[in-house]
Amino acid sequence: MIRGGLVLVALAATASAEPSKKDRERAGKSTTHRAPPRPGKQPARLVNLYNGWTHEWLAVEPGKQPGQGATDRFLRDHYTNSPGKMEPRLPEILVAAAKHFNSDKVIVVSGFRHPKYNLILRKKGHQVARDSHHTHGNAVDFNIPKVTTEQLHAWAKDQKIGGVGLYLGSGFIHMDTGPIRFWSGE
């Protein structure tokens with residue numbers, strides 16, 4: 001009992017002491033936190049990106065990009081589990097699509113594709129380009145629940161960002177940041 005009381009007294013004395021110079025420096029280096037929203041103000045609506053292969057989620061606040069490492073890991077090749085250096089605009093594109101269709105969820109079908117996996121898909125007869133933009137980290141295939149593939153495709157073409165592929169049979173579209181071009185696949 002006495003030990004517990006002594007510990008409490010010691011803790012109380014420590015808590016009331018002035019922070020040391022080292023503590024003040026450490027606090028200055030820490031991440032700055034935003035003030036919580038005022039009562040009555042609705043918080044920003046998050047867009048939840050879901051990777052259909054890895055079953056992982058990445059919550060993104062519109063207007064705020066996830067870190068490069070988080071993007072690379074989330075959009076990594078599911079076959080080799082290898083991340084690639086992803087185009088930083090890809091999450092922004094996905095969030096813009098979700099916002100346009102008033103959705104809080106985007107399902108990612110494919111992000112980075114390791115060149116070896118790309119070759120395997122080609123040998124199996126899948127419709128993948130030999131030098132796919134996925135292998136360079138600047139493409140994403142996705143869909144949005146309750147939005148038709150045709151509607152999503154029309155929106156993507158209007159963005160004039162890069163390549164847009166329509167895959168009606170598979171139910172997704174492809175967007176990349178390469179030259180502007182359009183095609184349809186299975």
- Going through the range 40-99 in order, the residues found to be assigned to a loop (DSSP other than H, G, I, E, B) and of a type in the set (Phe, Trp, Tyr) are Trp53, Tyr79
- Message: Taking the criterion of being at pLDDT 70 or above, out of contact with any Cys (no Cβ under 9 Å at 6 or more places or on another chain), surrounded by 11 or more Cβ atoms within 10 Å (Cβ to Cβ) and more than 30 Å from Trp155 (Cβ to Cβ), would at least one residue in the range 33-50 satisfy it?
- Response: no
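Within the range 58-94, track down each residue that is among the aromatic types (Phe, Trp, Tyr) and under 9 Å from the mean Cα position of the chain (by Cα). Spell out the reasoning first.
The first filter runs over the range 58-94 and keeps only residues among the aromatic types (Phe, Trp, Tyr), leaving 74, 79.
Scanning the range 58-94 gives a single hit, Phe74.
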- Task: Could you run through the range 145-186 and say how many residues are acidic (Asp, Glu) and surrounded by 15 or more Cβ atoms within 10 Å (Cβ to Cβ)?
- Result: 1
- Task: For Asp141, state whether it is of a type in the set (Asp, Glu), out of contact with any Asp or Glu (no Cβ under 7 Å at 6 or more places or on another chain) and surrounded by 15 or more Cβ atoms within 10 Å (Cβ to Cβ).
- Result: yes
- Quick one: in the range 95-126, which of the residues that are within 18 Å of His136 (Cβ to Cβ) and under 11 Å from the mean Cα position of the chain (by Cα) is surrounded by the most Cβ atoms within 10 Å (Cβ to Cβ)? Gly111
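Restricting to the range 145-162, name every residue that is part of a loop (DSSP other than H, G, I, E, B) and within 22 Å of Lys105 (Cα to Cα).
In the first step, residues of the range 145-162 are kept if they are part of a loop (DSSP other than H, G, I, E, B); the result is 145-148, 160-162.
Hits for the range 145-162 are Pro145, Lys146, Val147, Thr148, Ile161.
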- Which number in (1) crowded, with 21+ Cβ neighbours inside 10 Å; (2) within 18 Å of His174 (Cα to Cα); (3) in contact with a strand residue (DSSP E or B) (Cβ under 9 Å, 6 or more places away or on another chain) marks the one condition that Val60 misses? (2)
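Considering each residue of the range 163-186, count those that are part of a loop (DSSP other than H, G, I, E, B) and over 18 Å from Arg113 (Cα atoms), and give that number. Walk me through how you get there before you give the answer.
Initial filter on the range 163-186 (part of a loop (DSSP other than H, G, I, E, B)): 168-171, 177-180, 186.
When the remaining residues are screened for being over 18 Å from Arg113 (Cα atoms), the result is 168-169, 171, 179-180, 186.
Selection size over the range 163-186: 6.
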- Look at Gln151 and say whether it is over 16 Å from the mean Cα position of the chain (by Cα) and modelled with pLDDT of 95 or more. yes
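The values are calculated or read from the model by the stated rules, or taken from the named source; none is laboratory data. Worth saying up front: this structure is predicted, and the values here are computed from it rather than measured. As a convention, Cβ positions derive from the backbone with ideal geometry for all residues, glycine included, and neighbour counts pool all protein chains shown.
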